Amino acid sequence: MHSMRRLATRVLLGFQLALLALVLAPAARAQAGDDESRLVAALEAARDDADAEQVAALALRRTPTAAQALVDFYGKVASIWMKREVVRALGQFDAAGDAAAIALDHVATVAANAQEPELRDAAFEALANCRNRGPAYLAKIVELPVQDQVRERALELHGKLADPKANEAWYRKLYSDEKLPKKLRERAFAALVQGMKDAELIKAWKELHDGTLRRLALEALATRDVAATADLAVDTLKQVNALPTDRAAAARVLIAKKGAKAADLLIEIGLTQATTGEHLRAVVARLLADLKDEAVDKRLAGLVGKGKAHEKLFALQAVRGRLVADDKLRKKVRAHLDDKEAEVRRLAIEVVGEARDVEAAAELDALLAKPKEKGDLPAIVAALTAIRAGEPAWRERLLALAVAADRDLRNAALQSLAAEPKADDLALFRKSLAHADWSTRLIALEALEKLRDRDSVGAIVAQMQAEAGRTLAEFGAALFRLTGELHDTDAATWKRWWEGPGRSLPLISAADLEKKVAERERKRLQQTTLARFFGVKIESRAVTFIVDISGSMAEQLESSVKEGRPATRMEVVKRELVKSIEALEPGAAFNIVVFNAAVSPWKPALVTLDDKTRAEAIDYVQHLGSRGGTNIYDALESTFLDPAVDTVFLLTDGEPSAGGVTDLQLIREHVARWNSTRHLTLHCIGVGGDFPLLEWIAADAGGTYTKFN
């Protein structure tokens, strides 16, 4: 009886609550609407001064009106930071019913069209977190006539987010369309391969014309027990017109399947000059060395010291790492230390250094005193540092070399000391911090930051007063990482801070620095946008633009228009270059180097930007034409000869076809060596295609690689 009464009471109470809810519902909805309106009004009033929390609070409403208000707000704010916060908030509407389409339509538009990388990245990140609607929007971007790089990013994220089986037909359509950009077809095929049957993968390898697609098929087969895989790898290796990266992948597959039985073919390829590039040769040498097969090792050791330059390089690459326990082999390698070919000589120096071959030290000392070429010095110093690690006499020698007049020698020694800096060297690093050469100053700055000596903050602040452009930014960044202070490149504020409270404050902890990083990013993105070249920020005040003016730059780009017709690549580049020159800060130093089969600098060296030089540079750019081949190597080499340059923008629409070196891997190695003591930042822009060389150069030099089509 009591339980029946309790049940009746609960039913009655539930009915009363439901009735009360019906009575109060309109009022609650009105209250919610008023709250939303107040949030919108507050954002409208604050604009770029609004807080991220205000944006997030409006997004929590998940209503169509809230979504539309955020979309409208995006168009009313100016700072990249606030726009990015709005994009992130709109990404939270994935499961918000009717509001989702309003929000995510805008996010997808930003992902597809935003010029600022920060906004584009935020939009893609938002779509990647939308499990419900993200795949559909990403697929739509892939189909749009926007930049290839944008479509590639969309397809990459789609492959991670979507069900491969459910999208199989679409992926097949993409990779089968030979008119599509190469990277798109590759990403579509990569999403399919693991689900394809063995016979289908073999058929694809035989029928596809694209080398990278065939490589993906081969690599998928390599993960399975398929007898034909090794034969397909051999066929790929013998295709001399295939990309070196694809042939290198085939070599890895062949070694995995055949082991030492593949050695004969791989050695033959490694010793071939005409059809084996430096990248492939290096990969093959490493694969053979990693076999650790006694018979193969003996054969490789027998090659050392014989043949032409490329054969010597192959043998040295194959035996590096095996010298420690082989006196006879070390002696044969040492014979290359005075080789007439610079590449052979420098590789031999590296190899004996890695092996810490004490018997090579005397010869290296002699070469240090009288090198065959000045470019050998960094490798010699690095090798001697490895061999004589811990020796007081060598340390004293390094300290002396670190103040040498020759830049490469000085920087090589300073880098060796800075690799594991000691407190005893604080005086040297502080002195080097004020050196006339900017590259030396940056090495010293890196060493002082590693040492985390609080008193050195004052020396960094003092030198910062004389810095500009990229070096000013580097000094500000180092000070931020040491102190957490948000003064960026404001040298005067840093000075006032140090002369005031800064002198007595401790260095910041790693945990506190992490919090400051987010705060600093917000401050950076709230500032006026810096000058950009094809979307990449120009933070330097000592910059050279290296621009391709070869004949192919006359080709049209359907994505750009000039006077009602498709603009040529050259016209687009000239337009972007003029915009960049116009946006450079007064007093910045800059130059323009154009190249086709020849290299033609606008000025012999950097010039200071003023009204006169800006007008001259713009007039020069506007009169550029396009003709001839593509001499990337000589253009880069000539730019490295200007000691004042600290940042380079390299733009091309083709692979090298002229100049001192055309082998992609060899160009990469030379640029890396030139930059080992220069520390230039190299940004690369590819126009109208995919260029591995540009990706490599940018990655090696801490720059950005971007594409424009």
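Per-structure values
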item	result
Check on Lys422, at pLDDT 95 or above, over 18 Å from Arg678 (Cβ atoms) and over 24 Å from the mean Cα position of the chain (by Cα)	no
Verdict on Arg322 being in contact (Cβ under 8 Å) with a residue 40 or more places away in the chain and in contact with an Asp or Glu (Cβ under 9 Å, 6 or more places away or on another chain)	no
Those residues of the stretch 348-358 which are assigned to a helix (DSSP H, G or I) and either of a type in the set (Ser, Thr, Tyr) or surrounded by fewer than 23 Cβ atoms within 10 Å (Cβ to Cβ) (or both), in sequence order	Glu350, Gly353, Glu354, Val358
Residue check, Ala325 in a loop (DSSP other than H, G, I, E, B) and outside the structural domain of Lys431 (by TED's automatic domain parsing)	yes
Pairs where the first residue, in the stretch 659-684, is at positive phi and the second is of a type in the set (Val, Ile, Thr) and modelled with pLDDT of 85 or more, C-beta under 9 Å, 6+ apart	Gly659/Val599; Gly659/Thr630; Gly659/Ile632; Gly659/Ile667; His679/Ile443
All positions within the stretch 154-172 that are more than 13 Å from Gly134 (Cα to Cα), in contact (Cβ under 8 Å) with a residue 12 or more places away in the chain and assigned to a helix (DSSP H, G or I)	Glu168, Trp170, Tyr171, Arg172
Residue within the stretch 485-496 that is part of a helix (DSSP H, G or I), in contact with a helix residue (DSSP H, G or I) (Cβ under 8 Å, 6 or more places away or on another chain) and farther than 21 Å from Glu521 by Cα present	yes
Residue in the stretch 431-459 that is surrounded by the most Cβ atoms within 10 Å (Cβ to Cβ), counting only those that are outside the structural domain of Ala492 (by TED's automatic domain parsing) and polar (S, T, N, Q)	Ser432
Residue in the stretch 286-293 that is closer than 20 Å to Asp339 by Cβ, free of Cβ contacts under 8 Å to residues at least 40 places away in the same chain and of a type outside the set (Phe, Trp, Tyr) present	no
Options Ala468, Ala491; residue that is more than 30 Å from Gly688 (Cβ to Cβ) and without any contact (Cβ under 8 Å) to a residue 40 or more places away in the chain	Ala491
Selected residue (criterion: farthest from Ala309 (Cα to Cα)) from residues of the stretch 266-291 that are of a type in the set (Gly, Ala, Ser) and crowded, with 18+ Cβ neighbours inside 10 Å	Ala289
Failed condition for Glu637, given (1) surrounded by fewer than 22 Cβ atoms within 10 Å (Cβ to Cβ); (2) farther than 19 Å from Thr681 by Cα; (3) modelled with pLDDT of 90 or more	(2)
Helices (runs of 4 or more DSSP H) wholly inside the stretch 606-697 that include at least 2 residues being under 23 Å from the mean Cα position of the chain (by Cα) and not assigned by TED's automatic domain parsing to the domain that holds Thr440	632-640, 664-675
Criterion violated by Arg503 - all others in (1) closer than 15 Å to Arg452 by Cα; (2) in a loop (DSSP other than H, G, I, E, B) satisfied	(2)
Residues located in the stretch 108-129, provided they are of a type in the set (Asp, Glu) and touching a residue at least 60 places away in the same chain (Cβ under 8 Å)	Glu116, Glu118
Total residues in the stretch 460-490, condition among the hydrophobic types (A, V, I, L, M, F, W, C), over 12 Å from Leu433 (Cα atoms) and surrounded by fewer than 21 Cβ atoms within 10 Å (Cβ to Cβ)	8
Among the candidates Leu414, Leu384, Leu428, Leu399, residue that is crowded, with 20+ Cβ neighbours inside 10 Å and farther than 23 Å from Ala473 by Cα	Leu384
Boolean, Arg187 is assigned to a helix (DSSP H, G or I), in contact with a His (Cβ under 9 Å, 6 or more places away or on another chain) and more than 23 Å from Thr276 (Cβ to Cβ)	yes
Residues being out of contact with any Lys or Arg (no Cβ under 6 Å at 6 or more places or on another chain) and not in a helix (DSSP H, G or I) - total across the stretch 408-432	2
Scan of the stretch 102-118 for residues that are modelled with pLDDT of 95 or more and either β-branched (Val, Ile, Thr) or in contact with a Lys or Arg (Cβ under 8 Å, 6 or more places away or on another chain) (or both), ordered by number	Ile102, Leu104, Val107, Ala108, Thr109, Val110, Ala111
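Okay, residues lined up against (1) farther than 24 Å from Lys292 by Cα; (2) not in a loop (DSSP other than H, G, I, E, B):
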| residue | (1), (2) |
| --- | --- |
| Ala217 | yes, yes |
| Arg224 | yes, no |
| Ala227 | yes, no |
| Ala233 | no, yes |
| Asn241 | yes, no |
| Ile255 | no, yes |
| Gly259 | no, yes |
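The values are calculated or read from the model by the stated rules, or taken from the named source; none is laboratory data. Just so you know, these numbers come straight off a predicted model, no measurement behind them. Using ideal geometry, Cβ is built from the backbone for each residue, glycine included, and neighbour counts are taken over all protein chains shown.
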